[in-house]
Amino acid sequence: MATWIFYILGAVAVVATAMAVTRRNPVHSVIYLVNSFFALALIFYLLGAPLVAAWEVIIYAGAIMVLFLFIIMMLELSPGEEADRQGPGPLQWLPVLLLGGALLGCTLLLLQLDPAGSQELPNWYASPRDFGYALFHEYALAVEIVSFQLLFAAVGAFYVGRPASRKERSGGER
Amino acid sequence: MIVPFQHLLILASIIFFLGLMAVLVRRNLIMILIGVEIMLNAAGLVLVGASAFWQQLDGQVMVIFLMALTSAEVSISLAMVVYLNRRKKTIDVRAFDELRG
């Protein structure tokens, strides 16, 4: 049963991601991407990572994608600009499809070559308790470093997004 | 979970290359950032799958670090998108193809 659920969820994730990549309106593609993240979160749960699945929904679908929506609304683009006006034509798609297809084919061939890959995934479940123990005991230093990184990112975002100073406003391109 | 490890890797690589195509072909800055998000998610899928395959927690811990890295990256890059839009009134990448900025 779990096998079928995995394949269905994988198909949903791939289709939703493909729709997200090809939509012209960024808002539509963000919504499709949220759909794809939900499918990925369920796959994480099937793989025995319930806490990571919850964080996938909360952080990715809940926080990051909503941030994207906020920024798209904040930019106040003119209606013609919001979708790229004519979208990328076949001249843009063709080389990318060829190169991407070649790379993907090589990757899949490499995966076929590895005999270890055909082993089945074991039935395994990591309880949130074990996970928290590993995170805050073995990786305590890394957690501190990551928290510093988040602080630096907040400071950087505040610096880059500050209101333009008076000098820039009078002398700049505006 | 009766799925070969291979199938998980195939799923992750398909999603990764979809994200790569979004980065290469789109001209909208927001869509390029969305492509980066898709690629990072595919990497997270591989990490969780490896964690289940070897029955070690390290992969899942690394996914949490990946999420922290993604949120930092997204906050800075979206702030830069707002800044660039304020300067040139567009988020088309073709407007930013010169070093003078």
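Return only the number of the condition from (1) facing another protein chain (nearest Cβ under 9 Å); (2) surrounded by fewer than 20 Cβ atoms within 10 Å (Cβ to Cβ); (3) over 15 Å from the mean Cα position of the chain (by Cα) that A:Leu47 does not satisfy.
Against the list (1) facing another protein chain (nearest Cβ under 9 Å); (2) surrounded by fewer than 20 Cβ atoms within 10 Å (Cβ to Cβ); (3) over 15 Å from the mean Cα position of the chain (by Cα), A:Leu47 comes up short only on (2).
Among the numbered conditions (1) facing chain A (nearest Cβ under 8 Å); (2) surrounded by fewer than 17 Cβ atoms within 10 Å (Cβ to Cβ), tell me where B:Thr70 comes up short.
For B:Thr70, the exception is condition (2).
Could you grab me the full set of residues in segment A:81-113 that are surrounded by 12 or more Cβ atoms within 10 Å (Cβ to Cβ) and at pLDDT below 80?
A:Glu81, A:Glu82, A:Ala83, A:Asp84, A:Gly87, A:Pro88, A:Gln92
Looking at segment B:14-36, which of its residues are under 13 Å from the mean Cα position of the chain (by Cα), farther than 14 Å from A:Leu97 by Cβ and open to solvent by less than 30 Å² (accessible area, probe 1.4 Å)?
B:Ile15, B:Gly19, B:Ile30, B:Met31, B:Leu33, B:Ile34, B:Gly35
Do we find a residue being under 17 Å from A:Ala157 (Cβ atoms) and crowded, with 20+ Cβ neighbours inside 10 Å anywhere in segment B:42-61?
No: zero hits.
The values are calculated or read from the model by the stated rules, or taken from the named source; none is laboratory data. Because the structure is a prediction, the values reported are computed rather than measured. Because the Cβ atoms are built from the backbone with ideal geometry, glycine has one as well, and the counts that use them run over all protein chains shown. SASA here: full protein model, heavy atoms, side chains in, ligands and nucleic acids out. Shrake-Rupley method; radii C 1.70, N 1.55, O 1.52, S 1.80 Å.
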